[in-house]
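Data first, discussion second: the structure below is written as structure tokens.
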Amino acid sequence: MADTPNLVLPYLAANQSQKHVTVNDALRRLDALIQIVVQSAALATPPPTPAEGQRWIVASAPTGAWAGQAGKIAAWQDGAWAFYTPLDGWTAIDASNDAMLIFNGGTGTWGLLITGAFSDAAFTLQDDGDPTKQARFQIGGFTTGTTRVFTLPDANATLAVLSINQTFSAKQTFSASNNDFGTSTGSGTTNLASGAATSGNTKTLNIGTGGLSGSTTAIAIGSAVAGALGALTINSPTVTFASSVSAIAMTAANVSALYLGLGGAAADATNRLSINAPASLFNHAGAGHQVKVNKAAASDTGSFLFQTGFSGRAEFGLTGSDDFQVKVSGDGATWFNALQLERTSGRVRAMVALQLYPNAGDPGTVADGDLWYNATTGKFRGRQAGASYDLIGGGGGGGTAWASITGTPNTLAGYGIGDAVGLTGAQTISGAKTLSAPVILGAQASDPASPANGTLWFNGTTGQVKAQTGGAARIIDAQNDVAWLTPPSGEFMLTTCGAGGTALTSVAGVANRIDIFPFTVRGETDLTYAGLAINVVTLVAASTVRLLIYDSDGQGRPNAKIYESGDVGTSTAGIQTVTASGTLAKGRTFWLGVQHSATATLSTWAATATPDINGGTAISTTARKILRRSSVAYGSAPATWGFLGSEGNASTAPAIWLKA
């Protein structure tokens with residue numbers, strides 16, 4: 001055997017020459033391997049300036065001069081690296097962290113060696129793979145003379161350290177009578193069951209659920225200190241209080257909720273407060289009490305609705321207006337307005353009929369202003385100035401007729417019209433009569449079917465006063481002052497004022513521009529049209545126009561749009577027609593016009609053939625013939641014109657023909 005078995009020291013051979021060489025080599029190995037103290041066990045790259053005799057344990061994956069020497073002891077001797085292979089059980093001290101290491105021959109790696117009692121300052125745990133990862137224990141807080149025993153669980157587990165962020169992946173039980181979480185006085189967050197549960201899984205958080213009968217469980221959330229702020233947020237779609245919860249006290253809370261159902265009722269998007277109960281009590285808080293029902297606009301409804309089987313039977317409140325109304329229904333579909341209280345005057349209106357309950361005689365006690373029906377005499381009765389009177393017919397009980405109470409006659413005879421017999425039904429009055437007040441004709445939905453000559457009426461649908469003369473119904477609110485000829489059906493008519501006689505002119509269009517002019521139907525009847533026409537003088541490829549008709553307001557100004565054609569082609573010269581249907585009322589002013597998509601040139605009426613347009617705050621020295629509005633998106637003519645005097649223009653009006 002040439003070397004020793006443990007430190008591999010060379011033996012001297014018999015008669016060996018230069019014995020000092022062998023001895024010096026053995027001494028170098030002894031110097032490197034006895035009382036091994038290495039500078040570090042974590043380096044994989046040789047240090048740049050090692051000192052003579054310094055040693056390192058080569059870390060894994062070494063490079064440079066240490067390549068291929070992982071786990072060996074590298075010693076800097078005589079200006080060069082010498083590598084020594086450790087054997088199983090060799091120990092070494094790592095001077096960088098005061099750790100004792102032991103070599104495992106089976107794994108070929110160095111690990112920490114811990115035996116016996118160690119100072120808590122010196123006892124260090126080090127990761128096998130990364131010695132820079134270390135742990136130390138501090139027991140300075142123990143009571144003098146005591147030994148604390150820490151029992152590890154019989155399972156692979158993670159130690160709980162409460163002073164850092166840590167996740168517990170298994171059930172943890174804290175059995176002390178008092179446990180504190182989140183006691184820091186600074187800002188912080190304490191999370192319980194906050195993990196993101198995946199779809200299909202259910203996560204349950206129990207707080208104070210283990211109390212037995214007779215016990216008390218108190219749960220406080222938020223600070224009770226005056227002036228302290230806080231918020232409680234519950235994100236669960238459903239919050240359920242068990243049937244054992246009998247009271248919830250919120251003496252100073254302002255509760256805001258989207259829906260609220262009480263007594264087992266289900267609230268919804270329309271009925272956001274829903275109550276199942278035999279009665280509802282709204283009590284005062286020391287003085288009066290008001291129930292307020294507010295609506296957004298006058299046309300909306302703010303009311304109380306009474307139902308049977310969820311079918312409406314009665315409703316009172318502001319129903320579609322700001323007048324107070326009472327309505328009733330027998331089926332929830334057909335409603336009758338029974339009573340109305342005008343908001344501006346306080347006047348009470350019985351919308352159908354007012355029925356006084358029949359009394360066998362006059363009431364025993366009555367006061368001025370009382371009304372009643374005496375079923376025995378068949379008379380309506382009233383109390384005035386301490387006496388009771390019949391309201392209709394001759395006096396009864398010492399009273400007088402209606403006229404004696406009100407000072408107003410109850411027949412036309414009371415007005416001096418002796419040949420009239422009453423105010424109801426048709427009446428024939430002979431001779432000249434003078435009425436001291438205006439005569440108001442009630443509005444009719446349409447003209448009478450077969451009125452006699454001399455009949456006068458007001459058509460509320462067309463807004464015209466008419467009379468039957470010469471076997472024809474004639475409008476009498478706008479008589480002709482210029483001759484008028486209504487062409488037969490299928491023929492065309494001019495939309496001029498019937499004067500001028502000058503040849504047509506023409507005007508080029510401008511994209512998105514609208515020109516309109518006034519036109520009044522004369523003649524004896526309303527004008528029913530079946531189409532409109534224009535004349536294209538200069539075409540523009542792929543161009544169109546739209547023909548428009550507006551009605552007028554009480555001052556003759558353009559108002560609501562009553563007709564707009566589809567696109568009428570102006571890419572071909574000549575007459576272009578469009579089919580349409582409508583009626584223009586006699587004597588009413590209408591506004592006809594054109595909206596251009598491009599610059600096609602159309603025929604226009606002579607300036608003297610259309611009316612002059614009044615209006616504007618400044619005096620115009622040139623007669624204005626049209627209203628011109630520019631930059632209106634094509635096909636978007638306004639539904640309501642909105643008159644502006646500044647839009648008056650002296651340009652001639654577009655020539656538009658109406659087909660009768």
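Restricting to Cα atoms and excluding each atom paired with itself, what does the Kirkwood estimate give for the stretch 508-660 in Å? Before the final figure, lay out the partial values.
Details: mean 1/r = 0.0639 Å⁻¹.
Hydrodynamic radius (Kirkwood, Cα pairs) of the stretch 508-660 is 15.7 Å.
On the beta carbon distance between Phe492 and Ser571, with R0 = 22 Å, the FRET formula returns roughly 0.45. Cross-link pairs exceeding 20 Å in C-alpha to C-alpha distance, out of Lys171/Lys203; Lys327/Lys379; Lys133/Lys171, comprise Lys327/Lys379; Lys133/Lys171. Taking only the Cα atoms of the stretch 295-360, the radius of gyration and Dmax are 13.4, 49 Å. In the list (i) 36.8, 146; (ii) 30.3, 129; (iii) 54.4, 178, the label attached to Rg and Dmax of the Cα atoms in Å as derived from the coordinates here is (iii).
Between Leu205 and Thr109, how high is the FRET efficiency from 1/(1 + (r/R0)^6) when r is the Cβ-Cβ distance and R₀ = 45 Å? Nearest 0.05. Using R0 = 45 Å, I get an efficiency of 0.45.
To the nearest ten degrees, helix 19-33 and the longest principal axis of the Cα atoms of the chain are 40 degrees apart. Mean projection of the Cα convex hull over all viewing directions, computed for the stretch 451-583: 10.2 nm². The modelled label-to-label distance for the pair Asn254/Asp88, using points 7 Å beyond Cα in the direction of Cβ, is 8.0 nm. Tally Lys and Arg at +1 and Asp and Glu at -1 over the other residues with C-beta under 12 Å from the C-beta of Trp335: what net charge comes out? My count for the surroundings of Trp335 gives 0.
Carbon and sulfur atoms: what percent of the 1.4 Å accessible area of the stretch 144-240 do they account for? Numbers along the way, then the final one.
Details: 4940 of 9730 Å².
Within the stretch 144-240, the accessible surface is 51 percent carbon and sulfur.
Using the Cα gyration tensor of the stretch 500-545, with a ≥ b ≥ c the square roots of its eigenvalues, what is the shape: rounded (a/c below 1.5), prolate (a/b larger than b/c) or oblate (neither)? It is prolate, given that a/c is not under 1.5 and a/b is the larger ratio. Here, the stretch 1-98 has an Rg and a Dmax of 14.5, 48 Å when only alpha carbons are counted.
Which lysines have a Cα less than 28 Å from the Cα of Lys659, not counting those fewer than 8 places away in the same chain? Once the sequence-local lysines are set aside, what remains near Lys659 is Lys466, Lys561, Lys586, Lys625. First check a/c for the stretch 192-240, with a ≥ b ≥ c the square roots of the eigenvalues of its C-alpha gyration tensor; if it is under 1.5, answer rounded, and if not, answer prolate when a/b is larger than b/c or oblate otherwise. It comes out oblate by the Cα gyration axes. Peptides 23-32, 331-340 ranked from most to least packed by the mean count of surrounding Cβ atoms within 10 Å: 23-32, 331-340.
Computed over Cα pairs, the Kirkwood radius of the stretch 255-346 leads via Stokes-Einstein (1.306 mPa s, 10 °C) to a diffusion coefficient of 102 µm² per second.
Pull out the extension gain between Ala503 and Ala387, defined as 0.36 nm times the separation in residues minus the alpha carbon to alpha carbon distance; nm, one decimal. Working shown, then result.
Numbers: separation 116, 0.36 × 116 = 41.76 nm, distance 8.24 nm.
Stretched fully, the Ala503-Ala387 segment lengthens by 33.5 nm.
With the highest mean first, a sort of the peptides 597-603, 100-106 on other beta-carbon atoms found within 10 angstrom per residue produces 597-603, 100-106.
Fully extended, how many nm does the chain gain between Ile221 and Gln54 (0.36 nm per residue separation, minus their Cα-Cα distance)? Spell out each step's value before the answer.
Working: separation 167, 0.36 × 167 = 60.12 nm, distance 6.43 nm.
So the extension gain works out to 53.7 nm.
For the stretch 611-660, the spread of Cα coordinates along the three principal axes comes to 34, 27, 16 Å, biggest extent given first. Placing a pseudo-label 7 Å from each Cα along the Cα-to-Cβ vector at Leu27 and Ser311 gives an inter-label distance of 12.4 nm.
The values are calculated or read from the model by the stated rules, or taken from the named source; none is laboratory data. For clarity, every value in this text was computed on a predicted model and none was experimentally measured. We place every Cβ from the backbone using ideal geometry, glycine too, and count neighbours over all the protein chains shown. The protein model used for the area step is the full one, side chains on, heavy atoms only, and it has no ligands, DNA or RNA in it. Shrake-Rupley method; radii C 1.70, N 1.55, O 1.52, S 1.80 Å.
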